[in-house]
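What follows is a single structure, written as structure tokens, with notes after it.
Read the figures in this text as sums done on the coordinates, not as results from a lab. This is a predicted model, so every value here is computed, not measured. Backbone-built Cβ (ideal geometry, glycine too); neighbour counts: all protein chains shown.
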Amino acid sequence: RMLHGEQGFTHHHPIRVGDTIRLQQRVADIYDKKGGALEFIVLETTARNQDDVVCCTLKSVAVVRN
């Protein structure tokens, strides 16, 4: 009932050996199509290093069949 719809990465700053990376994920959007038969959940994840510098942002979409 659930599939992986889309995934993308945007690199902002290099990650180096010894870095400590902290990930923070949030639900950015939820919407439906086809009269509610398909529900799309958009997740955004931010990766920051030990200096609180954003290294990468990730976006993924999960599709749920109702």
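Between VAL61 and HIS12, what is 0.36 nm times their sequence separation minus the Cα-Cα distance? Round to one decimal in nm. Working shown, then result.
Values: separation 49, 0.36 × 49 = 17.64 nm, distance 2.09 nm.
Stretched fully, the VAL61-HIS12 segment lengthens by 15.6 nm.
Once you place label points 7 Å from the Cα toward the Cβ at LEU3 and ALA28, how far apart are they in nm?
Between LEU3 and ALA28, the simple spin-label model gives 2.1 nm.
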